[in-house]
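Each value in this text was obtained by applying a stated rule to the coordinates, not by laboratory testing. Being a predicted model, the structure only gives us computed values, none of them experimental. Backbone-built Cβ (ideal geometry, glycine too); neighbour counts: all protein chains shown.
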Amino acid sequence: MARIGVWEVDLVNQQLFWSKITKEIHNTDDDYIPSLENAIKFYKEGYSRNKITEVVANCIENNIPWDEELQIVTTKGKDIWVRAIGQAEFINDKCVRFYGIFQDINTVKVAQIELNKVNEELNAILDSGTIAIIRTDTNGIITYFNEGAETLLGYKSEELVNKETPAIFHDKEEILKLSKEFSTEYNKEINGFDIFTTIAKENNVHPKKWRCIKKDGSSLIMQVSISAIQDKDNNIIAILGVGVDITKLTEQNNQLANFAQIASHNLRAPVSNLNSLLDLYDTCETTEEKEFTFGKFRTVIAHLSETLNTLIEAIKIKETKQSKIEIKTLYFSEKLKKTEEIISEEISRLNAVITSNFSATDTIKYNESYLESIFINLISNSLKYSSPERPPKIEVTTTINEGKIELKITDNGLGIDLKKHGHKLFGLNQVFHRHKDSKGVGLYIIKNQIESLKGTISCNSEVNKGTTITVTF
C-alpha cells in the first residue's frame, strides 16, 4: 500500500509540520523538526530541487497549486520518487499558509521508468533497419510490416499490409521444396503459406534460413524465427516472423567450408616436393649429395610461406576491394622459374620438358601472389594429368591480342572432353580424371583470382592430345 503523509507550512508563525508518514518517507526520527529551508534541501539537487523551489514560490506569490512527481534523497542517502501536492490559503490577498499531500510513489515510478525503457528499446527494435518483423493473420495476410522489413525487402508497408502474404517475397522453388519436406515431416499435405501456419500451430519457434526475393528482383538470405501469437485462451490469433539478413555471414561460412579443401590443394605441391626431397636425402651417400639436396630444401621451404599468402588471398577475393590488391611489375620468366623450383622433383620424376617463349612480352603489371598461383596451379595440372603413354611436354608463351596480354600454357596430356565437361570446368570440386590427388579446386581458385582483376580464363582441349589454357589479363 502506498504511503501518504501530509504537511503544512504556517507562514505567519514560520513553522513547518510533517505528519508521521511524511517523516517516515524522509526517513527521519519521529522527533525531527523540519524547516522550510531543510525541507527543500531533501529534494535531489538539479531538476527536482529547482522545480519544487519554483512551484512553492509560484504558489505563495500567485496562489497556483502544484502536483509534481520529483525525487528526494532520504537521510540514509537513498533516492526515491515522491508525489508532492500543494496549495495555498490567502487572507486579504496574502498567503498565510500552504499545505498538501506527500506520497511515496517510488515502487510504481521505478517500474514505470523501466517499462518506458523497455518500450523504447522495443520501439527501436521495431523500427530497426536491420531486423525485419512481420505479422500476419491466421490466413497469412500481412498485418504488420516494420521499417526493418521495408529496408531489407524493398517494399513499403502500405503495399503489403492487408493485401499480400509473405509468399510475395519468398523464393517459389524453395517454398515448393519445403512444402514436400514438411508434408512428409507432418504426415499431411502442406502447401504454400501453410508451411508457416503449420509451424506456428504446432507451437514451435522455428529458426530457419530462407532465400527472399526483394522488390527489385535481387535476393538475400534471411534467418527467420516464426512463432504464434495467442490470446488468453491459447487460441492462435496471429503469426509473427522475425528475420535478419545473414547473406554476408552465409557467404563467409561457405568460404570457410571450402578453406580446408583449398588449403590442401595449394599446399600439396610444395609439401609433396618436400616429401620427395626427404626420400632423396635418405638415399644420399656423400656429404656433397646431402648438401646439394639440403639446398633444395631451403628453396622449397622459402616458397611455402608465399604459397600460404596466396591461399589467404584466394579466400578473401570476394571480400577485398580491388584498390587494396597490390599491383606491380612482374616477369613471366621469373615466375616460371620459381614454379619449376617448387615442383622440381615432380618434373624430374616424370621426365617433363618445359619450354617457354616470352618474346611478345615478359612483363606485366599484376598482383604477384595471383600470378604465382596461376603458374603453380596450371603447370601442376599439366603434370598431374599427363599421359602415361608419353613424357609430359609443357609450353608456356605470351601473346598480345587486341592490346591485351595473353598467357598460354599448352601440354600434351590426357585432355578434357569439353562437350561433356566444359560447362563445369572451373567449378569447385569438379574432377574429370581418376587421379589420387584430384580435388577439383585449383581451377576454381585461379578463375576467381583472375576475374577479380577483370581478366578471363578459357580452355581448348582434345581428349588424348592435350590442353591449352589461355589467361587474358
Can you pick out the pairs among Lys44/Lys117; Lys208/Lys232; Lys172/Lys248; Lys156/Lys214 whose Cα atoms lie more than 18 Å from each other? Lys44/Lys117; Lys208/Lys232; Lys172/Lys248
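Any of Lys384/Lys465; Lys408/Lys465; Lys337/Lys365; Lys41/Lys78; Lys338/Lys404; Lys41/Lys94 with alpha carbons more than 20 Å apart? Name them for me. Don't jump to the answer; show the numbers that get you there.
Numbers: Lys384/Lys465 15 Å; Lys408/Lys465 16 Å; Lys337/Lys365 18 Å; Lys41/Lys78 14 Å; Lys338/Lys404 24 Å; Lys41/Lys94 25 Å.
Correct reply: Lys338/Lys404; Lys41/Lys94.
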If you take the beta carbon distance between Asn116 and Glu451 as r and set R0 to 41 Å, what does 1/(1 + (r/R0)^6) give as a FRET efficiency, to the nearest 0.05? 0.15
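What FRET efficiency, computed as 1/(1 + (r/R0)^6) with R0 = 56 Å and r the Cβ-Cβ distance, is obtained for Asp171 and Asn464, rounded to the nearest 0.05?
Taking R0 as 56 Å, the efficiency between Asp171 and Asn464 is 0.80.
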Order of Val12, Val108, Val471 under a 10 Å beta carbon neighbour criterion, fewest first: Val12, Val108, Val471
Whole-Å distance, taken between Cα centres, linking region 132-146 and region 26-64: 52 Å
Taking the Cβ-Cβ separation of Arg211 and Asn13 as r and a Förster radius of 60 Å, what is the calculated FRET efficiency to the nearest 0.05? 0.15
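Can you give the relative contact order of region 4-110 as a percent, counting alpha carbon pairs under 8 Å and 6+ residues apart?
Numbers: 198 pairs, mean separation 31.0, N = 107.
Reported as a whole number, the value is 29 percent.
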Gain in length, Ile101 to Asn27, computed as 0.36 nm per residue apart minus the alpha-carbon separation, to one decimal in nm? 25.0 nm
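Over region 127-245, calculate the relative contact order: mean separation of alpha carbon pairs under 8 Å at least 6 apart, over the residue count, as a percent. Mind dumping the intermediate values first?
Numbers: 239 pairs, mean separation 32.4, N = 119.
Dividing the mean separation by the residue count of region 127-245 yields 27 percent.
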Charge tally for neighbours of Val82 with beta carbon under 14 Å away, counting Lys, Arg as +1 and Asp, Glu as -1, is +2
